[in-house]
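A short worksheet on the structure shown next.
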Amino acid sequence: MQAWVIGNWKQNPATSHDVNALLDDLLSAVSEKQGSDAAGCQLMVAPSCIHIAAVSDRLKGSSVLSAAQDISAYSASTGAYTGDCSAQQIADAGATWTILGHSERRQYHQESHDCLLQKMTHALAQNLGVVFCIGETQAQYDAKETLAVIDVQLSVIKDLLAQNPKLAKDLSARLIIAYEPVWAIGTGKVPTVAEVSATHQHIKQTLTGFNSELDNMTVLYGGSVNADNADSFAADSMIDGALVGGASLKAESFLAIAHAFSRAMA
Ligand code: PGA
C-alpha cells in the first residue's frame, strides 16, 4: 500500500507570490528526491480556492496532486450560490481531489451530516476524490467518546452507499479518511501512536462493516504532525499517511514528513 502525505494549506499563503515561492521549494525538493525514497508516498497539496488553478497548472507533470479544501453543497455544477465553488469548477481548475468535513468547516460553517453527504455526492459525481475528515473535540476525548463520535461522522459514508450502492466498488481508490482529533489541530498536542492506531483500526473495521469492498481503505492521521514526530506515526501499520497543516507550509518539513512515511513503507 502506498502512503499519502497531504498538505492542507488552509487560508495560506497570503499572496500569489508566496504561493509560487512555496511551490518553487516544493518542486525542487521533490525533483531532487525523484527515484529515491519518495516513491512510496503520494504527495498532494490543498491550496485556497483562489490559488487552485495556478497551483494545479504548476504541478502538471510533477508527481504532486492538487486538491480543494471544500466544495459547494448545493450544486455539483452551476447555480445561484454566491460565494460557493462547485465540484465541476474545482475539477475544471485542475484539482483531482477535495478535502471535506474538516473540523474548521464543521466549526465555523456548521457543516452537518446532510451537507457533507451532499458535498460527497457532488465530488464523486465530478470524479473528484474525497479526503473526508473526522475527529473528536477535547471534551469528547476527555469523556472517552472518540469512537462514538467517529461512528456518527462515518455514517455519512453509510448513507452515501445506501443511496448509491454501486459506488462501493471504486470507493477505496476515491475516498481517504483523515482522522484528526480537533484538540490536536494546530496545538502541538498529539494523541499517542497507540491511541491513533486503535482508532484507525476501528475506522477500518467500521468501513468494512458498511461494505466488504471497503476492506482496504486509506486512513491518515492529522493534527500537529511535524518532521520530528512523523517517524513514530509512520512506523504504525494502521497509519497510512498524514494530513498536515502548519508543517506543510515549508517544503522542508513537508518533505521530511513524506520521507518518514516513504521509509516506513519501504
Ligand atoms: P496541523 O493541522 O498540522 O497544523 O495541526 C492539521 C489539519 O488541520 O489538517
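The values are calculated or read from the model by the stated rules, or taken from the named source; none is laboratory data. As the structure is a prediction and not an experimental result, all values here were calculated from the model. Please note: Cβ atoms are built from the backbone with ideal geometry, for glycine as well, and neighbour counts cover all protein chains shown. What goes into the accessible areas is simple: the full protein's heavy atoms, side chains included, and nothing from ligands, DNA or RNA. Shrake-Rupley method; radii C 1.70, N 1.55, O 1.52, S 1.80 Å.
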Q: Evaluate region 67-86: report whether one residue or more is at pLDDT 95 or above, closer than 29 Å to residue 151 by Cβ and in a strand (DSSP E or B).
A: yes
Q: Identify, from the list 138, 163, the residue that is of a type outside the set (Ser, Thr, Tyr), out of contact with any helix residue (DSSP H, G or I) (no Cβ under 7 Å at 6 or more places or on another chain) and touching a residue at least 12 places away in the same chain (Cβ under 8 Å).
A: 163
Q. So residue 252 clears everything in (1) surrounded by fewer than 18 Cβ atoms within 10 Å (Cβ to Cβ); (2) within 12 Å of the ligand (Cβ to nearest atom); (3) of a type outside the set (A, V, I, L, M, F, W, C) except one condition, right? Which one?
A. (2)
Q: Kindly indicate whether residue 107 is part of a helix (DSSP H, G or I), within 16 Å of the ligand (Cβ to nearest atom), open to solvent by 60 Å² or more (accessible area, probe 1.4 Å) and over 26 Å from residue 63 (Cβ atoms).
A: yes
Q: State all residues of region 116-129 that are in contact with a helix residue (DSSP H, G or I) (Cβ under 9 Å, 6 or more places away or on another chain) and either open to solvent by 20 Å² or more (accessible area, probe 1.4 Å) or under 21 Å from residue 196 (Cβ atoms) (or both); if no residue qualifies, say none.
A: 121, 122, 125, 126, 127
Q) Taking region 85-103 only, how many residues are more than 16 Å from the ligand (Cβ to nearest atom) and open to solvent by less than 20 Å² (accessible area, probe 1.4 Å)? A) 4
Q) Filtering region 171-210 down to residues that are of a type in the set (Phe, Trp, Tyr) and in a helix (DSSP H, G or I), which residue is least open to solvent (accessible area, probe 1.4 Å)? A) 183
Q: Identify the residue in region 211-246 that is surrounded by fewer than 22 Cβ atoms within 10 Å (Cβ to Cβ) and part of a helix (DSSP H, G or I) and, among all such residues, is farthest from the ligand (Cβ to nearest atom).
A: 212
Q: Working carefully through the options 95, 67, 80, 73, find the one that is hydrophobic (A, V, I, L, M, F, W, C) and over 30 Å from residue 183 (Cβ atoms).
A: 80
Q) What is the one condition in (1) assigned to a loop (DSSP other than H, G, I, E, B); (2) buried (at least 16 other Cβ atoms within 10 Å of the Cβ) that residue 52 does not satisfy? A) (1)
